[in-house]
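Data block below; observations after.
The values are calculated or read from the model by the stated rules, or taken from the named source; none is laboratory data. What you see is a predicted model; the values in this text were computed from it and never measured. Don't worry about glycine lacking a Cβ; one is built from the backbone with ideal geometry, like all the others, and counts go over all protein chains shown.
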Amino acid sequence: MRYRVKLKQTNEVYECLPHESMLQGMARLGRRGIPIGCLNGGCGICKVAVVAGAWEKTGLMSRAHVSAEEEARGTVLACRAAPSSDIEIEVLGKMQKAVFKGWP
């Protein structure tokens, strides 16, 4: 089984395997410049908002980058969240520039 992840800003879709982070799947888009960051929830560069769908936490997220209130509303670090259904996300913060650089 694979889950489809849709990027709200571009309507691009990529797939994630069960328990694979949204950032791991996003890296397979093959777009140069997608920041991978620290991969352990500490740097905050991969902040996204879950617009629709379900997700599960795969590890701790730095409260310096995502507050408990934000997390409860679906704002997460893509390196520490895995989809548990088809999902739509909005890229936030520092990652926006890298993800959309050169996008038509």
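Residue by residue through segment 77-94, note down the ones that are of a type outside the set (Gly, Ala, Ser), closer than 18 Å to Glu20 by Cβ and assigned to a loop (DSSP other than H, G, I, E, B).
Asp86
Report the residue count in segment 33-64 for those that are within 16 Å of Glu90 (Cβ to Cβ), buried (at least 18 other Cβ atoms within 10 Å of the Cβ) and modelled with pLDDT of 90 or more.
4
Specify the residue that is nearest to Arg4 (Cα to Cα); the eligible residues are those in segment 55-79 that are touching a strand residue (DSSP E or B) at 6+ places or on another chain (Cβ under 7 Å) and among the small types (Gly, Ala, Ser).
Going through the qualifying residues, I end up with Ala78.
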